[in-house]
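The values are calculated or read from the model by the stated rules, or taken from the named source; none is laboratory data. In this text, all values refer to a predicted model and were calculated from it rather than measured experimentally. Quick reminder, even Gly has a Cβ in these numbers, built from the backbone with ideal geometry, and neighbours come from all protein chains shown.
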Amino acid sequence: MRNINLVVENFSEFYDNWVLKLEEILHQLLQVSKKRSNDNTEQEVQELVSKVTSHIKEYYTVKWGAAHQHVLVFFSPPWLTPLESAYLWVTGWKPSTVFKLVESLNKTTTFNMTEEQENRVEELKMRIKMEEEKVESEMERQQVALADRKTVELAKMCSRTRNGSGGGSGGGGGDVVAEKVDVTMKGVLSGLEKIMKSSDCVRLKTLKGVLDLLTPMQCVYFLAANIAMQLRLRQWGKKTDITGSIINDN
């Protein structure tokens, strides 16, 4: 497993650059959304939507690669502000929040979903809710597994060995305990990586599901609002950090 500091450094750099590109994409989306519908060709709009989805997929590709090296950092990511971290659901945004955004957009005259679209959104919402519950159940199982009798006994053995109070004959016993701890932790980390990927798949499934049932221009409005919300949360988080630093310094 690679050094955690190196993983954090590399992903933090990637994430900062990824957010900068996201800001550029938001500017393009807003430009298109402000034009009259007949001023945008369908091909231009679809190409822009594809550009956004490719950028989002890039994030998850790099995230999964980094998480395979050190998954724990994604459950407490240092590249996010405390405010952003407060809204995390299993290392990312909660899929069901997307439907609140769609409902808000549908109250505007520009979005204007059909009845069929509204019904399909509701169906998707129910399916995603079930997917969320599966992830949460799996996370709960993972937490319970950490507290089972075998794991607790192993932790006690490890503690006794470190304190030199028995549990084995000399260094050999300590090596056996260390090996058992290593195997147990690998299982825990593998489980967390699996849960993280499951939650990310629900996020991607949610975005694809919503985009598939919207018109190209509706996709532009939705993506612009979704990205703007994400970037605004980051801006607020950074302002809070700065304000907190000034208060602490004084």
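Considering (1) surrounded by 14 or more Cβ atoms within 10 Å (Cβ to Cβ); (2) at pLDDT 95 or above; (3) within 29 Å of residue 235 (Cβ to Cβ), say which one residue 124 fails and leave the rest.
Tallying (1) surrounded by 14 or more Cβ atoms within 10 Å (Cβ to Cβ); (2) at pLDDT 95 or above; (3) within 29 Å of residue 235 (Cβ to Cβ), residue 124 fails exactly one: (3).
List every residue pair whose Cβ atoms lie under 7 Å apart, where the two residues are 6 or more positions apart in sequence or sit on different chains, the first residue falls within the range 81-110 and is free of Cβ contacts under 8 Å to residues at least 12 places away in the same chain, and the second residue, located anywhere, is in a loop (DSSP other than H, G, I, E, B) and not small (Gly, Ala, Ser).
Within 7 Å, the pairs are 85/77.
If you check every pair at least six apart or on different chains, which have Cβ atoms under 7 Å apart with a residue in the range 43-68 that is within 27 Å of residue 31 (Cβ to Cβ) first and a residue that is among the β-branched types (Val, Ile, Thr) and surrounded by 13 or more Cβ atoms within 10 Å (Cβ to Cβ) second?
45/32; 45/220; 48/32; 48/220; 49/220; 51/25; 52/25; 55/25
Return the total of residues in the range 11-42 being free of Cβ contacts under 8 Å to residues at least 24 places away in the same chain and among the charged types (D, E, K, R).
Taking the range 11-42 as the starting set, the residues that turn out to be free of Cβ contacts under 8 Å to residues at least 24 places away in the same chain are 13, 17, 20, 24, 27-28, 31, 34-36, 38-39, 41.
Narrowing further to those that are among the charged types (D, E, K, R): 13, 24, 34-36, 39.
Count: 6.
Looking only at the range 41-57, decide whether some residue is exposed (fewer than 12 other Cβ atoms within 10 Å of the Cβ), modelled with pLDDT of 95 or more and within 14 Å of the chain's Cα centre (by Cα).
Checking the range 41-57: not a single residue is exposed (fewer than 12 other Cβ atoms within 10 Å of the Cβ), modelled with pLDDT of 95 or more and within 14 Å of the chain's Cα centre (by Cα).
Among the residues of the range 73-91, what is the count of those that are part of a helix (DSSP H, G or I) and surrounded by 16 or more Cβ atoms within 10 Å (Cβ to Cβ)?
Looking only at the range 73-91, we keep the residues that are part of a helix (DSSP H, G or I), and these are 73-75, 82-86.
Next cut, surrounded by 16 or more Cβ atoms within 10 Å (Cβ to Cβ) only: 73-74, 83-84.
Qualifying residue count for the region: 4.
Conditions tested, residue by residue: (1) of a type outside the set (Lys, Arg); (2) in contact with a Pro (Cβ under 6 Å, 6 or more places away or on another chain); (3) at pLDDT 70 or above; (4) assigned to a helix (DSSP H, G or I).
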{"position": "161", "(1), (2), (3), (4)": "yes, no, no, yes"}
{"position": "165", "(1), (2), (3), (4)": "yes, no, no, no"}
{"position": "174", "(1), (2), (3), (4)": "yes, no, no, yes"}
{"position": "191", "(1), (2), (3), (4)": "yes, no, yes, yes"}
{"position": "205", "(1), (2), (3), (4)": "no, no, yes, yes"}
{"position": "239", "(1), (2), (3), (4)": "no, no, yes, yes"}
